[in-house]
Amino acid sequence: MADPTPDAWRRVDAYLTELLVGHDPTLELAVEDQNDAGLPAIEVAPVNGKLLHLLARLAGARRVLEIGTLGAYSTIWLARGIPQDGRVVTIEAEPRNAEIARANLDRAGVGEKVEIRLGRAAEVLPTLEGPIREGTAAPFDLVFIDADKESNTIYLDWAARLGRPGTVVMVDNAVRGGEVANPATENPQIIGVQRGLEMLGRDPRFDATALQTLDAKGYDGIALALVV
Ligand code: DHB
Ligand code: MG
């Protein structure tokens, strides 16, 4: 079988998106406003957003943690996958991103399900632990990690601590155009991705795999883990 040319995989992605995701004015507007505001176009691809949505439903998730909100494209997908009284807690370091995200969430009609926590994730995450330890908040059922790649191991550690056995964890950007398999890389983001994957392979709290993806965002991948 021939390796996919960019033309072939883009055509296939468009085909799959058309068939299985379809058009959604709310989501398309969210991306448009994010782009108009000058935010980077690094939201997940539509097929990947749909995957997050399905994972939330498959897991029966009521409480979702997202690390890295950007303009809330993935947040909308996640929020739509949980019940009306469920909650997505999404952490965003950039106030401007959080502003765009809030507007997009409210317009999408899921604003009440989503709490945006503004700040560096490494500082916000510890504040989520108390209520879970004290039993006033349930552990997270699903965690989506999609922020600064240098901190992936920190985020995975928190995912395990704020989750429970059975919590589903997805990490975006697991392949980075293939660079993840370059042991000589000096790119700190790639090294962060590598450290995260090594942790998923070695840390007994996780059972994990990763897949390469070719979609509207190019050649990348996702890691999927279960907290055991
Ligand atoms: C990039 C893509 C992402 O999905 C992300 O989370 C961060 C950066 C990028 O292509 O640069
Ligand atoms: Mg990403």
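The values are calculated or read from the model by the stated rules, or taken from the named source; none is laboratory data. Keep in mind it's a predicted model, so treat the numbers as computed, not measured. Every residue, glycine as well, gets a Cβ built from its backbone with ideal geometry; the counts of neighbours run over all protein chains shown. What goes into the accessible areas is simple: the full protein's heavy atoms, side chains included, and nothing from ligands, DNA or RNA. Shrake-Rupley method; radii C 1.70, N 1.55, O 1.52, S 1.80 Å.
Some notes on this structure:
- Relative contact order of segment 6-227: 18 percent, from C-alpha pairs under 8 Å at least 6 residues apart in sequence.
- Accessible surface of segment 6-227 [probe 1.4 Å, protein heavy atoms]: carbon and sulfur percent: 54
- For Lys50, solvent-accessible area (1.4 Å; no DNA, RNA or ligand), Å²: 60
- Dividing the summed -39500 (n - 2.57) terms of all DSSP H runs of n ≥ 4 by the residue count of the chain sets its mean residue ellipticity at 222 nm at -12000 deg cm²/dmol.
- Of all DSSP beta bridges in the chain, antiparallel share, percent nearest 5: 45
- Segment 44-96 shape via C-alpha gyration tensor axes, a/c threshold 1.5: oblate
- Members of Lys50/Lys149; Lys50/Lys113; Lys113/Lys217 lying beyond 20 Å, as alpha-carbon distances in this model show: Lys50/Lys149; Lys113/Lys217
- Global geometry of segment 6-227, whether rounded, prolate or oblate, following the gyration tensor of its Cα atoms and the 1.5 cut on a/c: rounded
- Residues whose placed amide H lies under 5 Å from that of Val175, excluding near-sequence neighbours: Gly221
- Here Glu28 and Arg62 are evaluated by their C-beta separation; at R0 = 35 Å the FRET efficiency comes out at 0.80.
- What the phi angles of segment 151-162 give under the Karplus curve with 6.51, -1.76 and 1.60, with θ = phi - 60°, is a coupling list of 9, 4, 5, 4, 5, 5, 4, 5, 4, 5, 6, 8 Hz, glycine and proline written as x.
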